[in-house]
Amino acid sequence: MTPIRTTTPACLLAVTLAAALSSPARSVEVDASCAAVLKTMQAETSAQSFHKWSEFDAGGRKTRMELIKAGGSLYSRNGEGPWSKLPISAAELDKKNAEALRDGKSKVSGCRRVGLDTVDGTPTTIFEYTSSPGGGLPPTKARAWIGVADNLPYRFESAGMTQKTVFKGVVAPKP
């Protein structure tokens, strides 16, 4: 599969908290084919905890970022650096992302189921879709591996970025 660039709300939450904190909330208007993708964005927002690993390829230079939501707090680190507790609470970020899913400035369209897979033992359905984030940004394509039983996003790919998420057994790191 050729990776594809994206700026979806789920990606923004997982990929860079800085973008979520510094830019206006991005939202999703969903066509009928995208109900499953919207449902996974909502499920992720309400998850009690998660640990995300995101890898970016910026001009041949790979960068890794991790984000943990645990115990009502958010933590991040770049590469193998130290963990930092973030100044926004998990509840505040959940609220911001939930509002973003309702305000209609962006669109997710053309969603289609492209197969089944297993991510770390979890059965998933793979969806491809196009995101039009608004604000003058171009439409982008992405793939999401969505849990069959729980609708949570376990893997995500777009141009230059791959992400995996674990939802069970997550504990807060020591900053």
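The values are calculated or read from the model by the stated rules, or taken from the named source; none is laboratory data. On a predicted model such as this, the values are computed, not experimentally measured, just so you know. Heads up, the Cβs are rebuilt from the backbone with ideal geometry, glycines too, and the neighbour counts pull from every protein chain shown.
Considering Thr124, Thr118, the condition of being of a type outside the set (Gly, Ala, Ser), assigned to a strand (DSSP E or B) and loosely packed, with under 13 Cβ neighbours inside 10 Å is satisfied by Thr118 alone. For the range 127-158, the set of residues classified as in a loop (DSSP other than H, G, I, E, B) and more than 26 Å from Lys168 (Cβ to Cβ) consists of Pro133, Gly134, Gly135, Gly136, Leu137, Pro138, Pro139, listed by residue number. Within this structure, Phe56 passes the test of being out of contact with any helix residue (DSSP H, G or I) (no Cβ under 6 Å at 6 or more places or on another chain) and within 21 Å of Pro139 (Cβ to Cβ).
Restricted to the range 1-87, the set of helices (runs of 4 or more DSSP H) holding at least 1 residues that are closer than 18 Å to Glu128 by Cα and modelled with pLDDT under 85 comprises 9-15, 35-46.
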